[in-house]
């Protein structure tokens, strides 16, 4: 996939402007309200959210398809003195993970997926998240006019909502600040779904 190659190349060149010390403020605000249990970090990159969760006592699995990102995430977790289970894997095929997570997080992964892959991804989140558990994500909401152009695909809000209509309740949503990316201004959004029991 063009988007997959794009992401691998960005990591290889060290062009990862999303590499911050802490997770986004929305994550920092919500996660401490939950009792620590099992968490899943989808598209974990260098592991900043996974490490944050582990520091709070969560049992964390982080998944990313870029081996270089996972290698660096493991190094950073060791440096931070926390245990995180990092996996090189495809977020649409998570058969190596068992259900029972109470929190799943996606900071900018789902908006890169092709429509069929988004369906598979949503099915995996539905399978893995325990009833009552939370799935929180942020996504680029403005789809590109040319799907072959490099960078995040973007996703229409209605497409994202529809992907998680079955088995979830959208309990909170907030639009982000419009930001320029690849000379296009796009809008982001935060979503928090709860798994129906």
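The values are calculated or read from the model by the stated rules, or taken from the named source; none is laboratory data. Since the model is a prediction, treat every value here as computed from it, not as a measurement. FYI the Cβ positions are ideal-geometry reconstructions off the backbone, even for glycines, and counts take in every protein chain you see.
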ask   = Conditions: (1) out of contact with any helix residue (DSSP H, G or I) (no Cβ under 6 Å at 6 or more places or on another chain); (2) in a helix (DSSP H, G or I). Residue 68 meets all but one. Number of the miss?
value = (1)
query = Checking residue 77 against (1) buried (at least 20 other Cβ atoms within 10 Å of the Cβ); (2) touching a helix residue (DSSP H, G or I) at 6+ places or on another chain (Cβ under 7 Å); (3) within 21 Å of residue 129 (Cα to Cα), which single condition isn't satisfied?
reply = (3)
request  = Mind counting the residues in region 79-135 that are over 14 Å from the mean Cα position of the chain (by Cα), under 20 Å from residue 37 (Cβ atoms) and in a loop (DSSP other than H, G, I, E, B)?
outcome  = 8
ask   = With (1) surrounded by fewer than 16 Cβ atoms within 10 Å (Cβ to Cβ); (2) over 19 Å from residue 31 (Cα atoms); (3) at pLDDT 95 or above as the list, and residue 170 as the residue in question, which single condition is left unmet?
value = (2)
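Quick one: how many residues across region 46-60 are free of Cβ contacts under 8 Å to residues at least 40 places away in the same chain and not in a helix (DSSP H, G or I)? Step through it out loud before you land on a result.
Going residue by residue through region 46-60, those that are free of Cβ contacts under 8 Å to residues at least 40 places away in the same chain are 46-48, 50-52, 54-57, 59-60.
This time we only want the ones that are not in a helix (DSSP H, G or I), so: 46-47, 56-57, 59-60.
Final tally of qualifying residues: 6.
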key: Any chance residue 186 is modelled with pLDDT of 95 or more, closer than 19 Å to residue 109 by Cα and surrounded by 13 or more Cβ atoms within 10 Å (Cβ to Cβ)   = no
